[in-house]
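A short write-up of the structure that comes next.
The values are calculated or read from the model by the stated rules, or taken from the named source; none is laboratory data. Not measured: the values here are computed from a predicted model. Reconstructed Cβ throughout: ideal geometry from the backbone, glycine too, with neighbour counts over all protein chains shown. Surface accessibility is based on the protein's heavy atoms, side chains included, excluding ligands, DNA and RNA. Shrake-Rupley method; radii C 1.70, N 1.55, O 1.52, S 1.80 Å.
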Amino acid sequence: MTMFSSVDHSSYIEKTLKELSPFTPMEKAFRDYYQYTHQMISPSASEIPKIKSAYEHFAYGIIHAKPDNKVSVIPDSKEPFFHSGPFHIMKHPRYIPQKSHTHKFIELFYVLRGNCTHVCDNQHYHLTEGDFCLWQFDAPHYIHSNNDDVLALNILIQKPAFLANFFGVLSEETILSVYFNKILYRNGDSPMLLFRTGNDKQIKNMICFMYQEYQQKNLCWQSVISSCLGFLFAELLRTHSEHLITSAKEEKSDFSLEILRYIQLHCTEITLEDLCQKFNYSSAYLSRLIKKKAGLTFKEIVNGEKIRQAAWLLLNTSRSVSEIAQEVHFCDTSHFSRMFQRVYSLSPSEYRIKHNDN
């Protein structure tokens with residue numbers, strides 16, 4: 001049973017699609033200009049100046065774009081989006097100018113309907129319905145959505161709010177969390193994370209629900225959106241991490257994630273030799289790949305996962321410290337206790353007492 005399992009999935013989705021389908025004045029101005037410049041329409045001489053004027057009014061206002069700028073910078077301030085709080089959820093304008101831009105706030109993008117292309121750090125990602133993406137801070141990007149059918153949502157979050165609320169899911173310090181941290185803080189080798197959620201009605205419903213909450217701004221709407229964001233990201237990690245794409249060139253799931261997940265699932269018995277045999281890599285190559293992707297050595301990952309399993313056992317079973325040490329394959333209880341204290345700044349016994357008292 002999940003947060004949205006008893007909710008009629010069609011309610012928020014249908015309402016949001018109905019509201020977003022009509023063209024806004026901005027979209028009409030962008031579409032007219034696009035069709036005029038691509039010779040798809042033939043306006044009269046008197047109509048051309050109006051088309052250009054409407055385009056310039058919206059284009060220069062929304063992303064502070066000037067024709068001679070290669071990359072536009074949206075300022076890290078409450079303007080122009082954060083008038084009422086740290087979140088801003090909006091329809092992504094169709095036919096918006098393909099102007100590469102950067103910003104300091106977090107931007108998430110979800111395709112409700114149709115197809116578009118996201119160009120991020122000069123890599124092209126082809127997006128379709130159900131695709132959800134986020135990308136590195138300061139990565140120049142733009143979205144090519146020059147068709148009538150596409151509908152998408154932007155979720156903008158000021159950085160402090162993201163770190164305080166949305167990023168809480170990643171504080172569990174799993175292997176994947178370390179990997180995502182590297183990418184989000186521009187430390188990775190790929191500019192964007194793309195989850196292909198397909199026809200997952202629960203994900204779509206959650207995102208449409210957040211949009212409706214933002215529009216209505218009922219009592220505690222910011223807290224509701226914060227909670228939904230945390231739940232959304234947890235659900236993406238839990239349900240769609242196998243559909244995660246980081247390579248625009250290959251347009252397929254990052255194989256290194258499969259290796260990291262395998263380590264996580266078999267941490268108590270896996271050896272580097274076993275891993276090499278499983279994935280048919282040399283020890284030297286696999287060690288370098290793991291270090292590059294996770295920022296940790298194979299041994300550090302294995303020990304970290306074993307310690308986190310031990311922490312769970314301490315709080316959810318009555319087994320002794322020595323029994324738990326043996327269960328997670330630490331031969332020496334003293335060594336296990338030292339490793340545990342290094343991670344949690346408490347001995348296993350102190351950790352159990354502290355958290356069971358709360």
Quick one: if the Förster radius is 30 Å, what FRET efficiency do MET40 and ARG113 give, using the C-beta to C-beta distance and rounding to 0.05? 0.85
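Nearest 0.05, what FRET efficiency do LEU265 and THR24 give at R0 = 45 Å with Cβ-Cβ as r?
On the way: r = 47 Å, r/R0 = 1.05.
Once rounded, the FRET efficiency stands at 0.40.
Based only on Cα atoms, what Rg/Rh ratio does the stretch 264-356 have, Rh being taken as Kirkwood's radius? Display every interim value, and only then the final one.
Working: Rg = 14.7 Å, Rh = 14.1 Å.
Dividing the radius of gyration by the Kirkwood radius yields 1.04.
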For THR197, tell me the accessible area in Å² from a 1.4 Å probe, rounded to the nearest 10. 10
LEU315, LEU237, ranked by accessible area, largest first (probe 1.4 Å): LEU315, LEU237
Using a 1.4 angstrom probe and counting only protein chains, how large is the accessible area of SER345 in Å², to 10? 90
Heavy atoms of the protein only, probe of 1.4 Å, neighbouring chains included. What is the accessible area of LYS201 in Å², nearest 10? 90
What full-extension length gain, to one decimal in nm, is calculated for CYS220 and LYS291 as 0.36 nm per residue of separation minus the Cα-Cα distance? 21.3 nm
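With a 1.4 Å probe and all protein chains left in place, how much of the accessible area of the stretch 227-358 comes from carbon and sulfur atoms, in whole percent? All intermediate terms of the calculation are to be shown ahead of the outcome.
Details: 3590 of 7260 Å².
With neighbouring chains kept in place, the figure for the stretch 227-358 is 49 percent.
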